[in-house]
Structures are given as structure tokens and as C-alpha cells.
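Engineer: Mind looking over this structure? Questions follow.
Bear in mind that the values in this text are calculations on the coordinates, not laboratory data. Keep in mind it's a predicted model, so treat the numbers as computed, not measured. Cβ: placed from backbone, ideal geometry, glycine included. Neighbour counts: every protein chain shown.
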Amino acid sequence: MTGLVSKPASSLKGTARVPGDKSISHRSLMFGALAEGVTTVTGLLEGEDVLRTAAALTAMGAAIETPAATGVWRIRGLGAAPLTSPRATVYLGNSGTSARLLMGLAGGYPLQAVFTGDDSLSRRPMGRVIKPLSQMGVRFETSDGDRMPLKIIGADNLTPIEYTLPVASAQVKSAILLAGLHARGNTVVTEPSPTRDHTERMLRFLGADITSVTQNDGSNVITLKGFPKLVARDFTVPSDPSSAAFLTVAALITKDSDVLIPNVSVNPLRAGIYETLREMGGDITFENPREASGEPVADIRVRSSALKGITVPPARVPSMIDEFPVLSVAASFAEGKTYMSDLAELRVKESDRLAAIARGLAQTGVKAEMGEDTLTVHGGQTPQGGCTIAANLDHRIAMSFLIMGLAAKEPVAIDDSETIGTSFPGFAGLMNALGAGIGPA
């Protein structure tokens with residue numbers, strides 16, 4: 001394990017371009033593999049999770065050319081040709097997105113594939129994806145508790161279903177829609193509240209007949225017509241708003257800071273963290289708003305701010321589910337109490353993130369109370385720091401507490417930085433270029 005330590009910084013200043021959006025990167029490879037023609041992808045996140053998706057697609061017959069100096073990826077789409085059974089077990093590392101979306105994608109072809117992952121991914125439940133895909137005609141052989149390793153036995157003409165998600169989840173929704181590409185008729189997914197819609201936007205961008213309608217009760221109904229002709233188009237991947245959130249919180253809590261983060265996705269279903277931080281008093285502006293490959297983007301400017309505690313609206317949770325670790329860091333520096341609820345989804349991420357956040361806050365001297373799906377953080381005093389946090393194979397826990405170390409009284413260390421590369425390669429170097437002091441523990 002490689003530990004890192006973050007020391008208090010005097011200020012953060014400059015422009016920092018964070019890596020490409022992870023969700024869009026995964027999907028651009030998948031849709032490029034399915035489309036008819038050649039897709040080029042610029043700005044792809046070349047982190048471990050996305051590279052696992054590329055390797056898995058290649059193992060199933062996709063033609064993906066990794067870039068040279070240009071940084072442009074080329075995918076020769078299969079069109080009407082099928083994905084095929086991989087010759088060996090497909091290892092997906094720490095990537096839950098790869099696992100769940102590829103289960104839906106592979107399930108629509110007459111192939112057999114075994115998926116496995118690292119210790120963290122192997123503990124994550126896959127039953128909520130297996131249930132709807134099984135109703136569509138995909139068969140599975142799994143380890144105890146519907147966990148990995150698991151075997152997928154696909155079919156080339158699935159049954160369309162109408163499925164209501166018990167819990168809002170973009171990954172489960174996307175798995176069903178990917179399988180629905182190979183179902184004759186309409187596949188309909190109802191989510192209790194809207195989640196990130198990159199799958200819908202990108203399928204529409206490539207020519208699929210897909211609609212999304214928000215109901216009076218706040219639920220969202222997505223309808224996909226099966227067997228669309230997807231025509232290759234070039235993707236420009238914007239910077240990841242979840243990665244940009246680390247820099248945003250860092251600039252807010254570190255005095256005399258002024259940071260510009262260019263070309264970030266500001267998709268409304270991903271921007272909940274920025275809305276929340278603004279409500280807490282954060283000086284955050286979206287400059288030069290525009291659109292790229294069907295996605296709204298902007299340059300985000302952040303200046304240090306005096307934050308105050310708030311109650312985070314439960315309806316906003318799906319739009320910022322990955323950002324609660326770093327939001328909790330911001331709440332630690334805010335005056336008053338910050339209350340977060342409806343956080344059950346955090347318990348089935350790379351780690352039990354809710355418990356990991358609560359433990360880390362306690363170690364750094366921050367008072368917090370954790371419920372079954374709630375977290376209350378009491379701010380108002382600068383966290384003490386002076387401790388080492390267990391990252392638990394979770395990149396977001398690791399980066400969040402390194403951000404805390406920039407403004408705590410004493411340095412904050414993490415025991416293992418290896419998984420940071422899954423979503424944010426070069427994190428420490430980028431932060432240090434702005435004025436941070438992150439180095440080997």
C-alpha cells in the first residue's frame with residue numbers, strides 16, 4: 001500500500017483541468033462498440049475503471065484502438081455484428097460501473113462470459129441488476145449473495161419489460177436500457193426520481209428512439225424502442241464534475257484561494273453538489289456555458305468562502321450521490337449543522353461510504369452522528385487532523401480526506417492511495433500545482 005499525506009496549504013490558485021467524466025467515458029466506449037461506423041473519443045478518462053471497460057469490450061470482440069500522442073481513441077463499431085464470448089474470465093478491478101453496465105450490454109448477445117473483480121467489487125451486490133435482466137431473458141450463475149464472480153449467459157432476442165426501480169440508480173437503469181437495445185418492443189424504466197441521464201442523452205445522440213418524461217409525482221419514465229440503428233458519431237468527453245468537486249471544496253475551505261476548472265460537465269442531474277455548496281455560501285460561478293456532444297459544459301470558478309450548515313434536500317441526493325464524502329469535508333468547516341438523509345445508496349459503493357465518512361470525521365476531530373441512512377455533521381471549528389484514515393479501497397474516501405488536510409490544523413494522511421487512479425489519475429500532482437502539499441506519507 002502507498003500512503004499519502006496532505007499538509008495545510010496557505011492558498012490554492014490557478015487553472016486546473018480535471019480528467020474526463022468517468023460515466024461518459026465508460027458509455028462512449030460501449031456505444032462506440034455497438035454503433036455502425038468509426039467513433040472517435042477525445043478527452044476520455046484514462047483511469048483504471050475505464051480501461052477495464054475497454055479491455056472487457058476488446059475481449060468480447062470490439063475493435064478499440066488506444067491512442068498514441070494524440071489522446072484520441074478510435075472504436076470501429078460492430079453495427080449488426082455480435083459481441084462474442086471472451087476466451088478468459090473478464091477482470092473488472094474496482095469498477096462497479098463496468099460490471100453493472102456490461103451485464104446489461106453482454107446480456108443482449110448469445111454469449112457466455114464470467115466477470116470478476118477485486119475484493120471491493122466482489123463484495124458489492126449485483127442482485128438489483130440481475131433481477132430485471134433475468135426477467136428479460138438473461139441468465140446468471142453467481143457466487144453467494146448475487147456477488148462476483150458471476151457468469152452471464154446472454155440471448156440475442158430479449159423480452160422487453162416495464163420495470164420500476166425500487167431505489168433510484170443510474171447504473172441499474174442503464175443496465176436495463178443497454179439490454180433493451182436487443183429487445184423487440186419498448187423497454188420502460190420508471191425511476192422514483194431522476195438520476196444521471198448520460199445513457200439516454202448518448203443513445204439519443206447516436207439515433208436511438210428514447211424518451212424521458214417526468215411525472216407529477218417526481219418519478220421519471222424512460223422508454224426505449226428496441227433494435228435501433230446506432231450510427232457512430234464523435235464524442236468529446238467533458239471534465240468530470242465529481243472529480244471537479246474535490247478541487248471545488250478544496251478552494252472553498254482553503255483561505256485566499258481562487259481556482260478555475262475548465263470544461264466541466266454541468267448536467268443538471270450531476271450538479272447537485274454545486275447547488276448545495278452555493279446554498280452553504282460557496283462562491284461558485286459557471287462561466288462560458290456551452291454544449292459538447294449533447295452534454296452541457298461550463299468553466300467553474302471557485303473562491304474561498306465562509307460556509308454555513310444546511311439541510312440537504314433528499315430529492316437532490318441522486319444528483320450528487322458520489323459527492324457526499326467531500327461534501328462532508330466541506331460541512332466540517334461550515335458554521336453550524338449540516339444534515340444529510342436518504343443515503344442508503346452510500347452503503348453499497350466501493351466501501352460502506354457512510355460508515356467510512358463517519359469514522360474518518362471522528363478521527364479528524366469532527367463531531368458527527370450517523371444513522372441508518374443519515375449523517376449529521378457539526379461544523380464551526382477547524383478539524384484537528386493529525387491522523388491516518390483507512391481508505392478501504394475507496395478512491396473518493398481517500399481523496400476527500402486528503403482535501404481535508406489542506407485546511408485542517410494538522411496534516412491528514414491516508415493509508416492507501418492506489419485506487420485514486422481509478423477515477424483521478426494525477427490527482428496529487430494537479431493539486432500540488434495549485435499550491436497543495438500532498439506527498440508520500
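Engineer: Run the numbers for residue 381 and residue 286: contour at 0.36 nm per residue of separation, minus the present Cα-Cα distance, in nm. Mind showing how you got there, number by number?
Structural biologist: Details: separation 95, 0.36 × 95 = 34.20 nm, distance 2.94 nm.
Working it through step by step, the gained length comes to 31.3 nm.
Engineer: With just the Cα atoms defining each centre, how far is the stretch 232-292 from the stretch 354-370? Give it in Å.
Structural biologist: If you average the Cα positions of each part, the centres end up 26 Å apart.
Engineer: Moving on to the next point. Contact order normalised by length for the stretch 83-226, with contacts defined as Cα pairs under 8 Å and 6 or more residues apart; what percent is it? Please list the in-between numbers first.
Structural biologist: Numbers: 320 pairs, mean separation 30.9, N = 144.
Rounded, it is 21 percent for the stretch 83-226.
Engineer: By counting other Cβ atoms within 10 Å of each Cβ, how are 122, 169, 98, 143 ranked from fewest to most? Please list the in-between numbers first.
Structural biologist: Values: 122 16, 169 21, 98 28, 143 13.
With the fewest neighbours first, 122, 169, 98, 143 line up as 143, 122, 169, 98.
Engineer: Enumerate the residues in the stretch 113-156 having an amide nitrogen under 12 Å from the point lying 7 Å beyond the Cα of residue 89 toward its Cβ.
Structural biologist: Residues 114-119, 122, 143, 148-151 qualify, since their backbone N sits under 12 Å from the label point.
Engineer: Give me the number: length gained by fully extending residue 409 to residue 190, i.e. 0.36 nm times residue separation minus the C-alpha to C-alpha distance, one decimal in nm. It would help to have the intermediate numbers written out before the result.
Structural biologist: On the way: separation 219, 0.36 × 219 = 78.84 nm, distance 4.69 nm.
Between residue 409 and residue 190, full extension yields an extra 74.1 nm.
Engineer: Extension gain residue 164-residue 335, at 0.36 nm per residue separation less the Cα-Cα distance, in nm?
Structural biologist: Details: separation 171, 0.36 × 171 = 61.56 nm, distance 3.99 nm.
My answer for the length gained is 57.6 nm.
Engineer: Calculated from DSSP H runs of 4 or more alone, at -39500 (n - 2.57) each and per residue, what is the 222 nm mean residue ellipticity of the chain, nearest 500?
Structural biologist: -8500 deg cm²/dmol
Engineer: Give the residue from 175, 85, 327 lying farthest towards the positive end of the charge dipole for the chain; charges sit on Cβ (+1 for Lys and Arg, -1 for Asp and Glu) and the dipole is referred to the Cα centre.
Structural biologist: Comparing the listed Cα positions along the dipole, 85 ranks first.
Engineer: Just to be sure I follow: if Rg is taken over the C-alpha atoms of the chain and Rh is the Kirkwood radius over the same atoms, what is Rg/Rh?
Structural biologist: Result for the chain is an Rg/Rh of 0.96.
Engineer: Also, quick follow-up: Magnitude of the Cβ-charge dipole of the chain, K/R +1 and D/E -1, about the Cα centre, nearest 20 debye? Before the final figure, lay out the partial values.
Structural biologist: On the way: 41 positive and 44 negative charges, 81 e Å.
Here the chain has a charge dipole of around 400 debye.
Engineer: What trypsin sites (Lys or Arg not before Pro) in the stretch 43-119 are in a loop by DSSP, with at most 11 other Cβ atoms within 10 Å of the Cβ?
Structural biologist: Numbers: sites: 52, 74, 76, 87, 100; in loops: 87.
Of the trypsin sites (Lys or Arg not before Pro), the ones in loops of the stretch 43-119 whose Cβ has at most 11 other Cβ atoms within 10 Å are 87.
Engineer: Compute the distance in nm between two label points, each set 7 Å from the Cα along the Cα-to-Cβ direction, one at residue 355 and one at residue 72.
Structural biologist: 4.8 nm
Engineer: Related question: For the charge dipole of the stretch 180-270, defined by +1 on Lys and Arg C-beta atoms and -1 on Asp and Glu C-beta atoms about the Cα centroid, which residue among 250, 198, 261 has the Cα displaced farthest towards the positive pole?
Structural biologist: Of the options given, the answer is 198.
Engineer: Right, another one. Under 20 Å from a label point 7 Å along Cα→Cβ of residue 311: give me every residue in the stretch 358-379 with its amide N that close.
Structural biologist: Correct set: 368-379.
Engineer: Order these by the 10 Å Cβ neighbour count, fewest first: 48, 295, 141. Walk me through the numbers on the way to the answer.
Structural biologist: Details: 48 18, 295 22, 141 11.
Sorted ascending by nearby Cβ count, the order is 141, 48, 295.
Engineer: Can you tell me, using C-alpha contacts under 8 Å and at least 6 residues apart, the relative contact order of the chain as a whole percent?
Structural biologist: Values: 1134 pairs, mean separation 86.6, N = 441.
For the chain, the relative contact order is 20 percent.
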